[in-house]
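Visitor: Take a look at the following structure, please.
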Amino acid sequence: MEKHEPQLTRNQMELEMKADRSREMQLQLTSFALMIFLTLIAFGAVMAELMPHWAAGGFLIIMAIVQVYLQLYMFMHMNNKGNTWIKVMMALGIFVALTIVATLRLLIW
Amino acid sequence: MGHHSVPNNPITGIPDHVEKATLEGKNKYVAFWFFLGGETTLFASLFGTYIGLHNSGAKEGLRSYDIFEMGLVFIMTMLLLTSSLTSVLAMMAMKRNDVKKMKMWLIITLALGLAFLAGEIYEFNHYYHIGHTFTSSAFGSAFYTLVGFHGAHVLFGLLWITTLLVRNWNRGITVVNAPKFYVSSLYWHFIDVVWVFIFSVVYLMGMVK
């Protein structure tokens, strides 16, 4: 019995890792397809001049934020657990970034 | 560096999460995110300046919607976006100790990054010849500073990943070099994140009259 046990565990492990790998691959490829899709919509909407002037800025920023969210959470693995400090630092970085952009936008005329 | 208590995975022959198997690896990972937080604020100041100076002082015919080469920008966007995916695939190969695949995907990432950079050099050269230069207007200064700074990051990323590949060509994947590969791939994704904002804020919004 004891002789067979490690063999069995190893096979199970191998299967499990294979399943994990294909799950991960599927997730990453789906994210990539979504990013391409968002890029196409953003470029298409602007180049075909589908957007009224006042709506373009907001629309493009929303598309960019969704795409960056995918980059951060899927490609850069911020969805993994144990990343609390990283999330805090990114949130601080984004907060400071928004403040800087707003300040400069209002300061320059 | 030598104190790694995380056991090897019997199937891959390296620890799971090999990039964070040592204290040094963990520290590099957290510190690199801290660095990226700083980079975020740096690019924010360049973006803020650009938004403030968009088309400022630019002559008729040299405004953003007159000059931007959107076809080229679209191709460059696709190249960089794809290179972000190949970088993910390289890291997935690294985690299962498949050094051959990792090297292959990293080389593809480098090739895509190089093509992006070539496109940007061509683009800048083209703008320069039609009269949109660093000193032609406040808009020009802000444009070349922001987009050029991003381009410099791409160049640095290419040199960094090339150096890692050359230095570790015959070393396999270890708890020592895995964190180095991993943070370089984070850097590469960050470059793509910045580019998403550049193509949205600079190019696409620049085309809206």
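The values are calculated or read from the model by the stated rules, or taken from the named source; none is laboratory data. Keep in mind that what you see is a predicted model, and the values were worked out from it rather than measured. So basically every Cβ, Gly included, is an ideal-geometry build from the backbone, and we count neighbours across all protein chains shown.
Visitor: So, of the residues in region A:24-60 that are of a type in the set (Ser, Thr, Tyr) and over 21 Å from B:Met207 (Cα atoms), which turns out to be surrounded by the most Cβ atoms within 10 Å (Cβ to Cβ)?
Guide: In this case the residue turns out to be A:Ser31.
Visitor: Then there's this: Mind listing just one residue for me: the one in region A:12-31 that is within 26 Å of B:Val193 (Cβ to Cβ) and facing chain B (nearest Cβ under 9 Å) and, of those, nearest to the chain's Cα centre (by Cα)?
Guide: A:Ser31
Visitor: Among all residue pairs at least 6 apart or on different chains, which show Cβ distances below 6 Å where the first residue, located in region B:54-80, is aromatic (Phe, Trp, Tyr) and the second is in a helix (DSSP H, G or I)?
Guide: Within 6 Å, the pairs are B:Tyr65/B:Met207; B:Phe68/B:Tyr203; B:Phe68/B:Gly206; B:Phe74/A:Phe43.
Per-residue answers, yes or no, for (1) within 9 Å of another protein chain (Cβ to nearest Cβ); (2) at pLDDT 85 or above:
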| site | (1), (2) |
| --- | --- |
| A:Ala33 | no, yes |
| A:Leu50 | no, no |
| A:Leu60 | yes, yes |
| A:Phe75 | yes, no |
| A:Lys81 | no, no |
| A:Trp85 | yes, no |
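Visitor: Which is touching a Phe, Trp or Tyr at 6+ places or on another chain (Cβ under 7 Å) and at pLDDT 85 or above, of A:Val96, A:Val66, A:Val101?
Guide: A:Val101
Visitor: Also: Quick check on my filter: what residues within region B:56-81 are buried (at least 19 other Cβ atoms within 10 Å of the Cβ), at the interface with chain A (Cβ under 10 Å from one of its Cβ atoms) and not hydrophobic (A, V, I, L, M, F, W, C)?
Guide: B:Thr77 - this is the single residue of region B:56-81 that is buried (at least 19 other Cβ atoms within 10 Å of the Cβ), at the interface with chain A (Cβ under 10 Å from one of its Cβ atoms) and not hydrophobic (A, V, I, L, M, F, W, C).
Visitor: Restricting to region B:129-185, and then to whatever is free of Cβ contacts under 8 Å to residues at least 12 places away in the same chain and part of a loop (DSSP other than H, G, I, E, B), can you tell me which residue is surrounded by the fewest Cβ atoms within 10 Å (Cβ to Cβ)?
Guide: B:Asn170
Visitor: If you scan region A:75-94, which residues turn out to be assigned to a helix (DSSP H, G or I) and either surrounded by 13 or more Cβ atoms within 10 Å (Cβ to Cβ) or touching a Cys at 6+ places or on another chain (Cβ under 7 Å) (or both)?
Guide: The answer is A:Phe75, A:Ile86, A:Met89, A:Met90, A:Leu92, A:Gly93, A:Ile94.
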